[in-house]
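Notes follow once the structure below has been shown.
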Amino acid sequence: MGIRGFVRKWGKRAVHQLQLLFEILQDHNLGKRTRYAYYFKYIPVSSRVILYEAFFGRGMLCNPYAIFLELLNDPRYAKYQHVWVLDRLENHTELIREYGNHKNVKFVAYQSKKYMRYLCRAGYLVNNVTFPNYFIKKKNQIYVNTWHGIPLKTLGYDMPNGATDAANAVRNMLFSDYMISANTFLTQIYLESYKLHQIYQGAVVEEGYPRLDLLRRFTREQVLDKLRRYGMEIDDNRRVILYAPTWKGNSYADPEVGVEEYFEFKRQVEMHIDTSRYQILIKVHQRVFQLAKNKLTGGWFVPATIDANEILSVTDILISDFSSIFYDFLATKRPILFYIQDLERYKEQRGMYRTPDELPGPCTGDIEELSHWICEIDQVAQRYKDQIEEQARWANAATDENHSKKVVDIVFGKNEKNYAVFREKTQKKKLLISRGEMRVNGISTSLLNLLSHMDYDKWDVTLMITKAKGLNERDLVDRIDPNVRVMMRNSTYNMTYLEQIRHKYYMKSGVNKPYQEMYRREVRRAYADVPFDYVIDFEGYNLFYTLLAMQDTNAVRVIWLHNDMMNEKERRFPWLTHIFGLYQYFDAAVSCSREIMEVNRAALSGYCRHDQFRYAKNTIDTGRIGNGLETESICAYEGKKYIKVDERSSDGGRYVRMIPLVKDCAGSPYVFVNMARLSVEKNQENLIRAVLRLVTEGEDVYLYILGDGPLKAKLSGLILELGLDGRVILTGNVKNPFAVMRYCDCFVLPSLHEGQPMVIHEARAMHMPIVMSDFDSVSGVCIENGQYLVGKEADDIYEGLKAYIDGRVPTEYAFDVDEYNREAYREFLDALGAD
């Protein structure tokens, strides 16, 4: 049968779906998440299966290892099956052999098919870091996240680029039923640094770290024998010095790996100490070991597959830097030395919660001084004895308590009585705002301004965005109010092949059944099980995000309409019809002004009820405007003056971006400014042609166009073609646009259509004269004697610019920006139906 015959028999829709299936099968990235979706849907949970994972399968380690040993040796749990995740089974033959006689202990390879099956089957999940970004906790699973240390360096949202780097950790924590905390400080790190306050539905168990039990579980002889079995050269008669530095650099995924530094450290220290008395072992960070293990030769590098607390139990002197390993070692009451070479650089890159003078041991960056302390270790130990005991109490580091037994009793014995188990009560209204990609446009500006005006005493706000792709987008992310919990939607959805066919068909042809398991599953993957009170689709242009925003039927669901949406559909985005069909499932469709609401209500009345249409004006971020105006921005270069619009520092040095300053005092020339995306609806081509006419008539005029977009190349070519190079200046996106606007005379907005343009409010807050086109919703941004309206053609815009030169554009008007913002925020609350 030929193609035409197939189409006649089965129809175009069937052919279209086969094409989609072919596309899916060609996508080689679908394997894991597709397979996981099948397992998630069809594999039942077994309440007596426990899955353990530590450091992404590096070995039987840390808190999960301690909990495992407690359960394995407790006859009450003899019928439980223990499944351990290992990175590569062939690298753990000794470990697997050790448990060969335990029929209820199994091992699976990380990210393998068996791994994903047990991830869906296990009734209990125990992890000290995170499960993969495709992981979703099933409703009848119990997830225990133990984490892996009291931090000395910053974590979570406290880190530079924290929202991105901590995305999967936050997701995992929100899924967990129990977070195991070493002490009150770590509890606060969970709640504040990872922003779990108000939305965490599980319990924090603050009964000390289970792994502390490993300091006393095995004899010295047992540990030394284990080290030898793993290939280390150990002398029973010499004291052990353990050097345990943490990872360095800006990224955990890509740390600095300077293996030669470890060899040099050992060589230099051994030059100054009695090597007949001491032997030096080095334990590098788990991540560094993973990347460089083939280079870590010599018999004195501790394999990452051996638990840190087992090696600490035979350590006589610990040398560390920023690693939190020393907190556990405090329980031994043995001396700790700190070797920190690049403290200032590390503080700048990562930040630290404690300063060197707070450490329970001397700190230096000099090898000779460090070696001298080793030679006089008894005196050093005596000098820091009280400090070690005090910090051991603070860290809850004690070896005489069975921490593992307590955790087992709480989690598996369901007994929380008389234990330190905390569940936080929600006080605030929980709001989720879905934005998607933080593009440089008016929607992002509107969102940032709204977030700067939220009442965070009453509202807990979560913002969903995707990873920033460039400097300009990262700048926008950096501007998000610090009270906001930014959640990066990392990775992508989990769907079976049939679900993917259905999803791709919906994305191209529209949705006929909006409430579907595959979308509810993705909402849970992205936000765990947080019960939001309000959900806003602030994007409004992305069908997939609109579908996700409407899945939580227990929340008040609102979609934002940032423009004349029918006009947008007819001019630029024909697929908006698919989103219009979903408006009916939202509690409200909110336009950015009363005037735009009336336009949308008239054009879209067939898609939702009359009362669903509401409005809320955009707010104005006066703080950003004020800071931008106050920033000193004029600089000189080769005898000319420039406006500094961007400045950054990095490891590569200092980066400054400048644009020519054409005027720094009153009078001629006349400088006009436009700030908008370079796209058709912003009508910059006609604005440029209007400037050409003025220049042709002999007027001394200049125009700055602040922004970037798809028409950049075309507009640049037009400027050159018309001979306006140097007269019309395309600046691109600028970090501080107000530094440019302060040196301009008049703001011009010639748009073909607009929602409620933020730039007009910002120009008005600066009390600039304004010339703007008479787009449909213009009355929503007009104030008495506050603007000069013109048509949209080049000649109309020319007339407006000439009116300013002739003194006919209003320059004095009354605008109370604070009252405007108060009114806009009240409208926002009314649109949500909130108090």
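The values are calculated or read from the model by the stated rules, or taken from the named source; none is laboratory data. The model shown is predicted, which means the values in this text are computed figures rather than measured ones. Please note: Cβ atoms are built from the backbone with ideal geometry, for glycine as well, and neighbour counts cover all protein chains shown. The area values use the complete protein model at the heavy-atom level, side chains included, leaving out ligands, DNA and RNA. Shrake-Rupley method; radii C 1.70, N 1.55, O 1.52, S 1.80 Å.
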Taking the stated definitions as given, is A395 at pLDDT 85 or above, within 21 Å of I189 (Cβ to Cβ) and more than 34 Å from the chain's Cα centre (by Cα)?
no
Can you tell me which residue is modelled with the lowest pLDDT among those in region 604-657 that are of a type in the set (D, E) and open to solvent by 20 Å² or more (accessible area, probe 1.4 Å)?
D651
(1) within 26 Å of S491 (Cβ to Cβ); (2) surrounded by 18 or more Cβ atoms within 10 Å (Cβ to Cβ); (3) touching a strand residue (DSSP E or B) at 6+ places or on another chain (Cβ under 9 Å); (4) hydrophobic (A, V, I, L, M, F, W, C) all hold for V45 apart from (2)
Would you kindly identify the helices (runs of 4 or more DSSP H) lying entirely within region 359-416 that contain at least 2 residues that are closer than 17 Å to I241 by Cβ and without any contact (Cβ under 8 Å) to a residue 24 or more places away in the chain?
377-383
Within region 228-258, the residues that are over 14 Å from L281 (Cα atoms), under 33 Å from the mean Cα position of the chain (by Cα) and at pLDDT 75 or above are T246
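Test of understanding: among G149, G208, which residue is under 20 Å from F55 (Cβ atoms), open to solvent by less than 10 Å² (accessible area, probe 1.4 Å) and at pLDDT below 95?
Answer to the check: G149.
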Can you confirm whether region 543-564 contains a residue that is of a type outside the set (S, T, N, Q), part of a helix (DSSP H, G or I), surrounded by fewer than 20 Cβ atoms within 10 Å (Cβ to Cβ) and under 21 Å from the mean Cα position of the chain (by Cα)?
yes
Give R485, R479, R489 a once-over and let me know the one that is over 22 Å from F135 (Cβ atoms) and in contact with a helix residue (DSSP H, G or I) (Cβ under 9 Å, 6 or more places away or on another chain).
R479
How many residues are under 11 Å from R764 (Cα atoms) and touching a residue at least 60 places away in the same chain (Cβ under 8 Å) if we restrict to region 809-829?
1
Which members of region 802-835 meet the condition of being in a helix (DSSP H, G or I), of a type in the set (K, R) and out of contact with any Leu (no Cβ under 9 Å at 6 or more places or on another chain)?
R822, R826
Specify the residue that is surrounded by the most Cβ atoms within 10 Å (Cβ to Cβ); the eligible residues are those in region 337-358 that are among the polar types (S, T, N, Q) and assigned to a loop (DSSP other than H, G, I, E, B).
Q341
Would it be correct to say that M487 is farther than 30 Å from D776 by Cβ and in a loop (DSSP other than H, G, I, E, B)?
no
Tell me whether region 787-801 contains one or more residues that are within 28 Å of T622 (Cα to Cα), open to solvent by 30 Å² or more (accessible area, probe 1.4 Å) and in a strand (DSSP E or B).
yes
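Go through the residues of region 694-714 one by one and say whether even a single one is among the hydroxyl-bearing types (S, T, Y) and over 23 Å from V790 (Cα atoms).
Looking through region 694-714, none of the residues is among the hydroxyl-bearing types (S, T, Y) and over 23 Å from V790 (Cα atoms).
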Going by the structure shown, is R764 out of contact with any Leu (no Cβ under 6 Å at 6 or more places or on another chain) and open to solvent by 50 Å² or more (accessible area, probe 1.4 Å)?
no
Of all residues in region 41-63, how many are within 15 Å of F135 (Cβ to Cβ) and of a type outside the set (A, V, I, L, M)?
5
Of the candidates K32, K9, the one satisfying the condition of being within 23 Å of Y134 (Cβ to Cβ), open to solvent by 40 Å² or more (accessible area, probe 1.4 Å) and modelled with pLDDT under 95 is K32
Using the structure shown, decide if Y134 is hydroxyl-bearing (S, T, Y), in a loop (DSSP other than H, G, I, E, B) and closer than 30 Å to Y190 by Cα.
yes
Scan of region 364-392 for residues that are closer than 28 Å to Y190 by Cα and surrounded by fewer than 18 Cβ atoms within 10 Å (Cβ to Cβ), ordered by number
Q387, E389, E390
Strands (runs of 3 or more DSSP E) wholly in region 664-778 with at least 1 residues that are over 18 Å from G442 (Cα atoms) and of a type in the set (A, V, I, L, M) - which ones?
670-675, 701-706, 728-732, 770-773
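Conditions tested, residue by residue: (1) without any contact (Cβ under 8 Å) to a residue 12 or more places away in the chain; (2) assigned to a loop (DSSP other than H, G, I, E, B); (3) open to solvent by 10 Å² or more (accessible area, probe 1.4 Å).
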position: Y419; (1), (2), (3): no, yes, yes
position: L431; (1), (2), (3): no, no, no
position: R435; (1), (2), (3): no, no, no
position: I443; (1), (2), (3): no, no, yes
position: T462; (1), (2), (3): no, no, no
position: N472; (1), (2), (3): no, no, yes
position: N483; (1), (2), (3): no, yes, yes
position: Q500; (1), (2), (3): no, no, no
position: R520; (1), (2), (3): no, no, yes
Which one of these does G57 not meet: (1) open to solvent by less than 10 Å² (accessible area, probe 1.4 Å); (2) on the phi < 0 side of the Ramachandran plot?
(2)
Which residue is surrounded by the fewest Cβ atoms within 10 Å (Cβ to Cβ), if the candidates are limited to region 95-146 and must be polar (S, T, N, Q) and farther than 16 Å from I67 by Cα?
N101
Regarding R423, is this residue in contact (Cβ under 8 Å) with a residue 12 or more places away in the chain, of a type outside the set (A, V, I, L, M) and surrounded by 15 or more Cβ atoms within 10 Å (Cβ to Cβ)?
no
